[in-house]
1. Which value does Rg/Rh take for the range 202-283 over its C-alpha atoms, Rh per Kirkwood?
2. Against the empirical 2.2 N^0.38 Å scaling, what ratio does the C-alpha Rg of the range 111-216 come to?
3. Which entries of Lys180/Lys243; Lys96/Lys256; Lys81/Lys107 show an alpha-carbon separation above 18 angstrom in the structure shown?
4. If you place +1 on the Cβ of every Lys and Arg, -1 on the Cβ of every Asp and Glu, and leave all else neutral, what size is the dipole of the range 94-201 about its Cα centre, to the nearest 20 Debye?
5. Taking 0.36 nm per intervening residue step and subtracting the Cα-Cα distance, what contour gain separates Glu55 from Val282 on full extension?
6. Report the local net charge at Asp229: Lys and Arg +1, Asp and Glu -1, summed over other residues whose C-beta lies under 12 Å from its C-beta.
7. Treating only the Cβ atoms of Lys and Arg (+1) and Asp and Glu (-1) as charged, compute the dipole magnitude of the range 244-287 about its Cα centre; round to the nearest 20 debye.
8. Can you check what the net charge comes to around Arg90, using other residues whose Cβ is under 13 Å from the Cβ of Arg90 (Lys, Arg +1; Asp, Glu -1)?
Amino acid sequence: MSALRRTLAALGLAAALAARAHASEPALAVEDTIRLATSSLPEYVVRARRVTLDEILRRVVEGEARRDSLMQDQAFTRIVKVVYRYDADRADRAPKRKLEQAHRVFKKRPDHFREVLLRRQSDDKDNNDVEVSSNPGMGEQVASFAFEPRARSRFRFTILERHWVGGHVVYVVAFEPRSKTDPLPAGQVWIDTNDNVIAREEFWYRDRSPAPLFIERIDRCVVERSRVDGKWWVITRLFGRVKLAGPALTLANLGKNRVSQTVDFSALYTDWEVNRGLADSVFVERK
């Protein structure tokens, strides 16, 4: 197994481990933590109850499920880069791009899936068999894993902030594992209250590791979403910085190509098309 394949395997493992208000009441009460120029605004007394944390979490689960269920097909371009951060270990070294590849990805319910390679650049000819792929599902668990019903009980949630953005409230909610022995990340999400979906997420493994033999720590992972066609929330950027554990680094450096202990992984998702009626013929590979 090549050094880059071992590195990508570790990154993939980290990513995998990383998956009512009453109808008669207003959905939003006084938000006294929102910073507004209140001197120029009239004052109102709002007697409706504040939305509770449990209500926010429930709405996110429903919003994410609704988003996924309404999507019938997707097409997007994914550009992946892997950079060895030699400069993180030694100041006299420069970072080096090890891999860049772009694919056009097509998905259609119930299980149609195809990836078409657009371009590929690697400084290691032995790594031509390394691939970074998506999955056939419409869901984006990398953004919502902490809110999944089967995982939610393992996290503790806290409202950190509320921001007024574009005429509505965005909640910043932190999450952390309930158990210090549970190999789960901590982090925070930005929740759009118009659609009740996660617009941005940051998470990390700083005091624990999802795979101690491979990964020492993950300082930061960022997942960003944007709205496409005015209604579809989709991932547009993903970034992660991983520090490899000693055993994995030793194994990866058995070959001639040296691996840095700190590795950056990034992915851009562009040219999104959702529910455009993809034909089944798109998923037939041309010979």
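1. Expressed as Rg/Rh, it is 1.17.
2. Working it through for the range 111-216, the quotient is 1.39.
3. Lys180/Lys243; Lys81/Lys107
4. Dipole size: approximately 80 debye.
5. Roughly 77.6 nm would be gained on extension.
6. Numbers: positive: Arg227, Lys231, Arg276; negative: Glu273.
Net charge around Asp229: +2.
7. On the way: 5 positive and 5 negative charges, 63 e Å.
Dipole about the Cα centre, nearest 20: 300 debye.
8. +1
Every read-out reported here was derived from the displayed coordinates using simple, explicitly stated rules and does not represent laboratory data. Predicted model only: the values in this text are computed from it and were never measured. We place every Cβ from the backbone using ideal geometry, glycine too, and count neighbours over all the protein chains shown.
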